[in-house]
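Reading through the structure tokens given below for one structure.
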Amino acid sequence: MSQIERHSYDVIVIGAGGAGLRAAIEARSRGLRTAIVCKSLFGKAHTVMAEGGIAAAMGNVNSNDNWQVHFRDTMRGGKFLNNYRMAELHAKEAPQRVWELETYGALFDRTKDGKISQRNFGGHEYPRLAHVGDRTGLELIRTLQQKVVSLQQEDFAATGDYESHLKVFAECSITDLLLDEASGAPRIAGAFGYWRETGEFIVFEAPAVILATGGIGKSFKVTSNSWEYTGDGHALAARSGSRLINMEFVQFHPTGMVWPPSVKGILVTESVRGDGGVLTNSEGRRFMFDYIPDVFKKQYATTEEEADRWYTDPDNNKRPPELLPRDEVARAINSEVKAGRGSPHGGVFLDVSKRLPAETIKAKLPSMYHQFKELAGVDITAEPMEVGPTCHYVMGGVEVDPDSTAAVGVAGLFAAGEVAGGMHGSNRLGGNSLSDLLVFGHRAGLGAADYLQGIAGSRPSVTPQMVATAEQTALQPFHNEGGENPYTIHAELQQTMNDLVGIIRNGAELAEAIARLDSFKERVRAVKVTGGRAFNPGWHLALDLPNLLLVSEALARAALMREESRGGHTRDDFPGMDNQWRQVNLVCRAEGDGIAVEKQPIPVIPSELLGLFEVSELEKYFTSAELAGLSTGGAQ
Amino acid sequence: MTYTAKFRVWRGDDTGGGLVDFAVEVNEGEVVLDIIHRLQATQAPDLAVRWNCKAGKCGSCSAEVNGLPRLMCMTRMNTFAEDEVVTVTPLRTFPVIRDLVTNVSFNYIKARQIPAFAPPAGVAPGDYRMQQVDVQRSQEFRKCIECFLCQNTCHVIRDHEENKEAFAGPRMFIRLAELDMHPLDSKDRKVEAQEDHGLGMCNITKCCTEVCPEHIKITDNAIIPMKERVVDVKYDPLRWLGSKIGKRPGL
Ligand SMILES: Cc1cc2nc3c(=O)[nH]c(=O)nc-3n(C[C@H](O)[C@H](O)[C@H](O)COP(=O)(O)OP(=O)(O)OC[C@H]3O[C@@H](n4cnc5c(N)ncnc54)[C@H](O)[C@@H]3O)c2cc1C
Ligand code: SF4
Ligand code: SF4
Ligand code: FES
């Protein structure tokens, strides 16, 4: 075995987005020697792209807001499939986590009385999203990045070494988790990866790993996600014996760019609608009024007049249906296009130009103005945008303990952020991801610190055998003879997922998808790369392919099993929501070279939380048997 | 709309390299980064390039296109004539790693030398109050996507490796200005900017402002106000005396 670079830490955080950085800050603050490992340069993780804002019930703009209202909105948005405990912790802790960012130097937009301003967003009852224009993700990541640097400065003052307690390994990809299975049950011993720059391998020894790797969007062709989103964390967890839940639920954001082709899928922030933008079809009709589902009839305006009044007088009017949860809006756009009422390039129109003065648009939506001007030659202050659904976010992820974020099944493994499952149920509300990153990133840091305390002296060790196996796997694509180029395989996989496991699904197509995914397995095993190991994107993609394939299979198999439509999972052969299915989570495990799915009852929501809802609303989601027990339990 | 473009891409590593010619398909609405990706997928699978967002938000895809520092994802192909040769080379100020990827660690090292935000004493989280007009000035600088195009362009270090030690560069000057103008930062940063980060070496050519894809007015809104106030602070006789005495060895 060649000499491989080796490091020993208390905890390895894989991912430098909002979740990973917040976790690392907490771990280091608890005295753990912490490494942050990420595929891109420091400060460029996917979180940087978030636009609209961070949801937190601070009540700065409407003082009626509080954690209970936020909890309620989150559960409604997720169609009551959310892990209630995660939704509760999230709603309660988000304000503290946002305020804390100001102590790190964040500069949010302000209200007149100098507090953090909050904006409206789909599914949120009150203005709730803390924001900085439409570049909130950039502010979040830069703030956390600068906090990391400030901790390093403290360490420098104390030890003379900036990196003595907290070090960033940028452009370094983890390909395997190293497991100690000596005592039977798997526990984390470390992680194995390669430097993108040189292709040299690197081994981390650590008893705890926090996964904060983000999502899986690159398994679809039309997506708002970057190359980083290859489902690495999902796959690492599954392969090491942990489990993935809710993988059938994928959020298709209703408004992605549709033209020109090369930018198809790039996000158009929901703030465009929150700030007054309306959706129209080729006949000029505001079609969202035709798509308000029964469960939401009470919360949304039914006439344009009322909807328009809401922007200035939200207390006495209901909100416009353009602000329904994303799954509803995405399906509506899809139906309009299918019915032949789409825009010239296969989307619908989104217009702010007739709703707000040009200067206001430029001030509130600067990066959207910029993006359309530069990439599509469209001036959004003067003409409508063309938009359509794009794969945006995966609700599914690693099954975790809500309080500690510990992954089920593998000791020492934690997961936070988009890679974790359960928090958002079947559909995530806009703005609830950035807050999720902070709340559960923080908790992951704490969880890892507690775990380390618990195991005290008994650290697992990395054996040469583990390293040799990981090394062999990573080098295999150079040795394969006659295999295909990774780019071709990736493009076809994305097309398959787009065509067969997309926004509207059915049993026959899902079965077809599973069969095709099966045939990809051999192609991926045989993938051939050329060139050397130094910064070779072809090789990097070849190593991502097995992860993409694993999450794609989990998605397709879970989608085939769930015979109902709910949130980010729409079956045209089972179009209705089925209250029996609300009681079930689908759990995916790696088995052989594939994925096995099984049903698992979802945790029972305690009555004090159910009591926050009216029974008439619960009746839409719960079976009568479930509600029978409740009448004594406290719901009004 | 589809045509075949002539591309010339620098390929090589820290031991050397050169321009390689390609003929490659271009479709309507595409940007330079799309063409680089097409080269990867069809002709040069190991062509090294950085990118993430493909929407001008992450600052990863910086390179020089026909000699101009640009984000590749925001450079539309229709800005070139169809028969024009498009030459793509790595950033010149930073050492090449491979092909279009350079070692930008200089910028991270400099960032680490700038003392972080110093929170005001006695103000609890949640109690920060600031007016929009007051945060706006710093917010302009926080739009920075760290593409380092300004750092790449600045002549003080572009062809002067020897200046890198003393000069933090325009990206860091806006960071200093941002902190200095932060309504609640409790540190004074002006003299430090001059003495520790090389603000004095900048001779206000404004080249940095011209290349900034975020249209941040680096020179007018950050560098010049910082320089002016450094002058004020330095010639305040009391401060001047104080800082000189403080620096005298043995005292
Ligand atoms: C365009 C866009 C706009 C959005 N707007 C909003 C919004 O306004 N509000 C909101 O709440 N949410 C928004 N979201 C969603 C939100 O941005 C993401 O869900 C969130 O940023 C995910 O953060 P994360 O910390 O989980 O992971 P990320 O920020 O994606 O970071 C993942 C990290 O893991 C690293 N990584 C991955 N795999 C590996 C590996 N194998 N080895 C080493 N490192 C690895 C990556 O390099 C990266 O550093 C938006 C998403 C998009 C795409
Ligand atoms: S203005 Fe100053 S910092 Fe900017 S390019 Fe010129 S010398 Fe460099
Ligand atoms: S100031 Fe502008 S040019 Fe310089 S790094 Fe920031 S965004 Fe890039
Ligand atoms: S890829 Fe993000 S700025 Fe170009």
- request: Tell me, please, whether a residue that is closer than 19 Å to A:Asp436 by Cβ, within 15 Å of ligand 1 (Cβ to nearest atom) and open to solvent by less than 10 Å² (accessible area, probe 1.4 Å) can be found in segment A:57-67.
  value: no
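Residue check: is A:Lys147 open to solvent by 10 Å² or more (accessible area, probe 1.4 Å), in a helix (DSSP H, G or I) and either under 17 Å from A:Asn547 (Cβ atoms) or more than 10 Å from chain B (Cβ to nearest Cβ) (or both)? Steps first, please.
On the way: open to solvent by 10 Å² or more (accessible area, probe 1.4 Å): yes; in a helix (DSSP H, G or I): yes; either under 17 Å from A:Asn547 (Cβ atoms) or more than 10 Å from chain B (Cβ to nearest Cβ) (or both): no.
Spelling it out, it is not the case that A:Lys147 is open to solvent by 10 Å² or more (accessible area, probe 1.4 Å), in a helix (DSSP H, G or I) and either under 17 Å from A:Asn547 (Cβ atoms) or more than 10 Å from chain B (Cβ to nearest Cβ) (or both).
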- line: When A:Gly388 is run through (1) touching a Ser or Thr at 6+ places or on another chain (Cβ under 6 Å); (2) not in a helix (DSSP H, G or I), the failure sits at (1)
query: Only one of (1) open to solvent by less than 30 Å² (accessible area, probe 1.4 Å); (2) under 30 Å from A:Val597 (Cα atoms) is not met by A:Asp401, so which one is it?
result: (1)
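Kindly evaluate A:Lys298 against the criterion of being assigned to a helix (DSSP H, G or I) and of a type outside the set (S, T, N, Q).
Values: assigned to a helix (DSSP H, G or I): no; of a type outside the set (S, T, N, Q): yes.
Judged against the criteria, A:Lys298 is not a match.
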task: State whether one or more residues within segment B:2-17 are hydrophobic (A, V, I, L, M, F, W, C), within 15 Å of ligand 3 (Cβ to nearest atom) and open to solvent by 10 Å² or more (accessible area, probe 1.4 Å).
output: no
- prompt: Is at least one residue of segment A:238-257 at pLDDT 95 or above and part of a helix (DSSP H, G or I)?
  reply: yes
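Considering each of A:Thr74, A:Thr111 in turn, give the residue that is β-branched (Val, Ile, Thr) and within 12 Å of another protein chain (Cβ to nearest Cβ).
Working: A:Thr74 fails: within 12 Å of another protein chain (Cβ to nearest Cβ).
That would be A:Thr111, the only listed residue that is β-branched (Val, Ile, Thr) and within 12 Å of another protein chain (Cβ to nearest Cβ).
Determine if segment A:142-165 includes at least one residue that is of a type outside the set (A, V, I, L, M), in contact with a Gly (Cβ under 7 Å, 6 or more places away or on another chain) and free of Cβ contacts under 8 Å to residues at least 60 places away in the same chain.
Narrowing segment A:142-165 to residues of a type outside the set (A, V, I, L, M): A:142-143, A:145-147, A:150, A:152-156, A:159-165.
Next, only the ones that are in contact with a Gly (Cβ under 7 Å, 6 or more places away or on another chain) stay: A:142-143, A:145-146.
After this cut, where a residue has to be free of Cβ contacts under 8 Å to residues at least 60 places away in the same chain as well, the list is A:143, A:146.
Yes: one or more hits.
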- prompt: Which pairs have Cβ atoms under 8 Å, sit 6 or more apart or on different chains, and link a residue in segment B:153-171 that is farther than 20 Å from B:Glu64 by Cα to one that is outside any helix (DSSP H, G or I) and among the polar types (S, T, N, Q)?
  reply: B:Ala168/B:Gln113
message: Please determine whether any residue of segment A:35-43 is among the hydrophobic types (A, V, I, L, M, F, W, C) and away from chain B (no Cβ under 14 Å).
response: yes
query: Which residues, counting only those in segment A:312-335, are outside any helix (DSSP H, G or I) and surrounded by fewer than 16 Cβ atoms within 10 Å (Cβ to Cβ)?
result: A:Thr312, A:Asp313, A:Asp315, A:Asn316
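Table: residues versus (1) surrounded by fewer than 16 Cβ atoms within 10 Å (Cβ to Cβ); (2) under 18 Å from the mean Cα position of the chain (by Cα); (3) within 21 Å of A:Leu151 (Cβ to Cβ); (4) not assigned by TED's automatic domain parsing to the domain that holds B:Thr89.
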site: B:Val123; (1), (2), (3), (4): yes, no, yes, yes
site: B:Gln131; (1), (2), (3), (4): yes, no, no, yes
site: B:Arg137; (1), (2), (3), (4): no, no, no, yes
site: B:Glu178; (1), (2), (3), (4): no, yes, yes, yes
site: B:Pro183; (1), (2), (3), (4): no, no, no, yes
field: Residues of segment A:114-138 satisfying the condition of being more than 16 Å from A:Lys364 (Cβ to Cβ), within 14 Å of chain B (Cβ to nearest Cβ), in contact (Cβ under 8 Å) with a residue 24 or more places away in the chain and surrounded by fewer than 24 Cβ atoms within 10 Å (Cβ to Cβ)
entry: A:Lys115
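Name the one entry in B:Thr89, B:Thr42 that is open to solvent by 10 Å² or more (accessible area, probe 1.4 Å), among the hydroxyl-bearing types (Ser, Thr, Tyr) and either more than 23 Å from the chain's Cα centre (by Cα) or within 12 Å of another protein chain (Cβ to nearest Cβ) (or both).
Going through B:Thr89, B:Thr42 in turn, the sole match is B:Thr42.
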query: Within the set of pairs 6+ apart or on separate chains, which have a first residue in segment A:86-105 that is within 16 Å of A:Thr136 (Cα to Cα) and modelled with pLDDT of 95 or more, a second that is part of a helix (DSSP H, G or I) and of a type in the set (Gly, Ala, Ser), and C-beta atoms under 6 Å apart?
result: A:Ala94/A:Ser435
query: Quick one: what pairs do we get from segment A:289-317, first residue within 17 Å of A:Ala332 (Cα to Cα), second in a loop (DSSP other than H, G, I, E, B) and open to solvent by 80 Å² or more (accessible area, probe 1.4 Å), C-beta under 8 Å, 6+ apart or different chains?
result: A:Phe289/A:Thr302; A:Ile292/A:Thr302
- request: Within segment B:66-86, track down each residue that is away from chain A (no Cβ under 12 Å), away from ligand 4 (no atom under 16 Å from the Cβ) and of a type outside the set (D, E, K, R).
  value: B:Asn66, B:Gly67, B:Phe80, B:Ala81, B:Val85, B:Val86
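Matching residues to (1) away from ligand 1 (no atom under 16 Å from the Cβ); (2) within 14 Å of chain B (Cβ to nearest Cβ):
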site: A:Met257; (1), (2): no, yes
site: A:Val263; (1), (2): no, yes
site: A:Glu270; (1), (2): no, no
site: A:Arg273; (1), (2): no, no
site: A:Leu279; (1), (2): yes, no
site: A:Arg286; (1), (2): yes, no
site: A:Ile292; (1), (2): yes, no
site: A:Val295; (1), (2): yes, no
site: A:Gln299; (1), (2): yes, no
message: Every residue in segment B:92-104 that is more than 9 Å from chain A (Cβ to nearest Cβ), open to solvent by 20 Å² or more (accessible area, probe 1.4 Å) and out of contact with any Ser or Thr (no Cβ under 7 Å at 6 or more places or on another chain), please.
response: B:Arg92
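Being surrounded by fewer than 24 Cβ atoms within 10 Å (Cβ to Cβ), modelled with pLDDT of 95 or more and of a type in the set (Asp, Glu): is that true of A:Glu481 here?
Working: surrounded by fewer than 24 Cβ atoms within 10 Å (Cβ to Cβ): yes; modelled with pLDDT of 95 or more: no; of a type in the set (Asp, Glu): yes.
No; evaluated as a whole, the condition is false for this residue.
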- request: Could you check segment B:138-195 for helices (runs of 4 or more DSSP H) lying wholly inside it with 2 or more residues that are more than 16 Å from ligand 4 (Cβ to nearest atom) and away from every other protein chain (no Cβ under 14 Å)?
  value: B:155-158, B:170-181
message: Given the criterion surrounded by 23 or more Cβ atoms within 10 Å (Cβ to Cβ), assigned to a helix (DSSP H, G or I) and of a type in the set (Gly, Ala, Ser), identify the matching residue among A:Ala474, A:Ala468, A:Ala448.
response: A:Ala448
Selection from segment A:339-374 of residues that are within 14 Å of chain B (Cβ to nearest Cβ) and among the basic types (Lys, Arg): A:Lys362, A:Lys364, A:Lys373
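For (1) within 16 Å of ligand 4 (Cβ to nearest atom); (2) open to solvent by 10 Å² or more (accessible area, probe 1.4 Å); (3) part of a strand (DSSP E or B), each residue gets a yes or a no:
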residue: A:Ala363; (1), (2), (3): no, yes, no
residue: A:Ser367; (1), (2), (3): yes, yes, no
residue: A:His392; (1), (2), (3): no, yes, yes
residue: A:Glu418; (1), (2), (3): no, yes, no
residue: A:Arg428; (1), (2), (3): no, yes, no
message: Among the numbered criteria (1) within 16 Å of ligand 4 (Cβ to nearest atom); (2) closer than 25 Å to B:Arg137 by Cα, which one does A:Ala170 miss?
response: (2)
- prompt: So which of B:Phe141, B:Phe148, B:Phe117 is within 14 Å of ligand 2 (Cβ to nearest atom) and under 18 Å from A:Leu101 (Cβ atoms)?
  reply: B:Phe141
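The values are calculated or read from the model by the stated rules, or taken from the named source; none is laboratory data. Everything numeric here is computed off the predicted structure, so don't read it as measured data. Ideal geometry is used to build each Cβ from the backbone, glycine not excepted, and the neighbour counts take in all protein chains shown. Heads up: the accessible areas ignore ligands, DNA and RNA and are worked out on the full protein's heavy atoms, side chains in. Shrake-Rupley method; radii C 1.70, N 1.55, O 1.52, S 1.80 Å.
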